Amino acid sequence: MAAVLWDYEEPLRVEEVDVDDPGPGEVLVRIAVAGICHTDEHVITGDLPLPVPMVLGHEGSGVVAAVGEGVRGVAVGDRVVLSWLPECNDCVPCNRGWTGMCETTKKAAEKGTLWRGRTGVQHKGERLHVMSLVGAFAEYALVPAAGIVPVPDEIPLELAALIGCSATTGYGAVAHAARMPEGAEVAVIGAGGVGQSVVMAARMRGAGRIIAVDRSPERLEEATRHGATDVVLAGTNDALQAILDLTGGYGVDQAFEVVGTPETIAQAFNALRPGGTAVVVGVSPPHLDVSLNAFTFPSQQKTLTGTWYGGGVLADDAPQLFAAYRQGTFDLAALAGPTFRLDQINEAFDAMRHGRAGRPLLRLSDDR
């Protein structure tokens, strides 16, 4: 069974599907838990125009059910978390160390396929595309072996699923993209699942002040529990002015935009003090542009940069986050929201759209 998007702006439909056996370099994973992300929503609305029909879902964990020819270091029964950005280690970006820009994965993701051009999933003989080489809203997912990372036995799979996207993206934005120094004053614009991870990561790195901005009072309350020192309720306040007021009119050292709109990207940049850095984490529709004052770049030496999956490699970052969870410095459990069954997939999306705290999760098997 899988949740299929047959056309943009339509509810997902749970269908019985057929999944191929793994081929060379592939692994079949029985999905335990999948997270609901705003990027999935962008596909539903057509803002991220991936091909349909498509099995959505790119954040997940599960248990290896079968392995293909040539796969090493992975066995049936292994507990794993899935990466939506596996590196092929053969394209120009990978050879230059820019694995987060893997061209092989980028081209496959745009076509809704795996690396070799197939998807491995059908419904009544019709090929279905898969999101980001994963397609986690399904009982089984066929994925590249390079896109799985082992999960320690003591880490519950519902928490490991969050490592697949939200936790790693937020952590990487702070640790890799911004390289946040201890004592920095930061603003986090958008306090959803990834934004909460940014707050936690900033606290881990010893931020001096963390200003969380969101339209949801519930999410702002959650951000305070995770380490935010100040909160700004957007929509009823001038969020930019509020950030400037909290910093004596000077602005923050680093701002993290975790919404994905031109307005909030400009807001993050304009909230910086001279010499500051704004990191765009949120995913915007491809056709949108951002307007900024050009003179600000040389005169105030501000930096605007982006990050894809936090700018790291899951195989390196996941062990760091697992260790931080065990040490109590990164609370994965606090990121998890309500749990839904696969047949409640559209209710799970409604929970995300209404700004409720915590990442909505789909429970797809009894594996723990």
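The values are calculated or read from the model by the stated rules, or taken from the named source; none is laboratory data. Predicted model, so just to flag it, every value in this text is computed and none were measured. Note: ideal-geometry Cβ built from the backbone for every residue, glycine included; neighbour counts use all protein chains shown.
Observations, loosely collected:
- One residue alone among 46, 25 is in contact with a helix residue (DSSP H, G or I) (Cβ under 9 Å, 6 or more places away or on another chain) and small (Gly, Ala, Ser), and that residue is 25.
- Within segment 67-92, the set of residues being buried (at least 19 other Cβ atoms within 10 Å of the Cβ) and basic (Lys, Arg) comprises 79 only.
- Scope segment 121-137; condition more than 18 Å from the chain's Cα centre (by Cα) and either modelled with pLDDT of 95 or more or among the charged types (D, E, K, R) (or both); matching residues: 121, 122, 123, 124, 126, 127, 128, 129
- Strands (runs of 3 or more DSSP E) enclosed by segment 1-113 - at least 3 residues per element that are more than 28 Å from residue 285 (Cα to Cα) and touching an Asp or Glu at 6+ places or on another chain (Cβ under 8 Å): 26-35, 60-67
- Scanning segment 266-299 for residues that are outside any loop (DSSP other than H, G, I, E, B) and either within 19 Å of residue 245 (Cβ to Cβ) or among the aromatic types (Phe, Trp, Tyr) (or both) returns 266, 267, 268, 269, 270, 272, 273, 274, 276, 278, 297.
- Strands (runs of 3 or more DSSP E) contained entirely in segment 118-166, each with at least 1 residues that are over 27 Å from residue 18 (Cβ atoms) and touching a residue at least 12 places away in the same chain (Cβ under 8 Å): 148-150
- Every residue from segment 271-288 that is modelled with pLDDT of 95 or more and surrounded by fewer than 18 Cβ atoms within 10 Å (Cβ to Cβ): 274, 275
- Meets criteria (at pLDDT 90 or above and either surrounded by 20 or more Cβ atoms within 10 Å (Cβ to Cβ) or not assigned by TED's automatic domain parsing to the domain that holds residue 81 (or both)) for residue 343: no
- Pairs with Cβ under 6 Å, 6+ apart, first in segment 217-243 and at positive phi, second in a helix (DSSP H, G or I) and surrounded by fewer than 21 Cβ atoms within 10 Å (Cβ to Cβ): 227/203
- With respect to being touching a helix residue (DSSP H, G or I) at 6+ places or on another chain (Cβ under 9 Å) and within 22 Å of residue 301 (Cβ to Cβ), residue 177 fits the description.
- Residues in segment 110-129 that are surrounded by 13 or more Cβ atoms within 10 Å (Cβ to Cβ), out of contact with any His (no Cβ under 9 Å at 6 or more places or on another chain) and not charged (D, E, K, R): 7 in all.
- Residues that are crowded, with 21+ Cβ neighbours inside 10 Å and assigned to a helix (DSSP H, G or I), drawn from segment 312-332: 314, 317, 318, 321, 322, 325, 332
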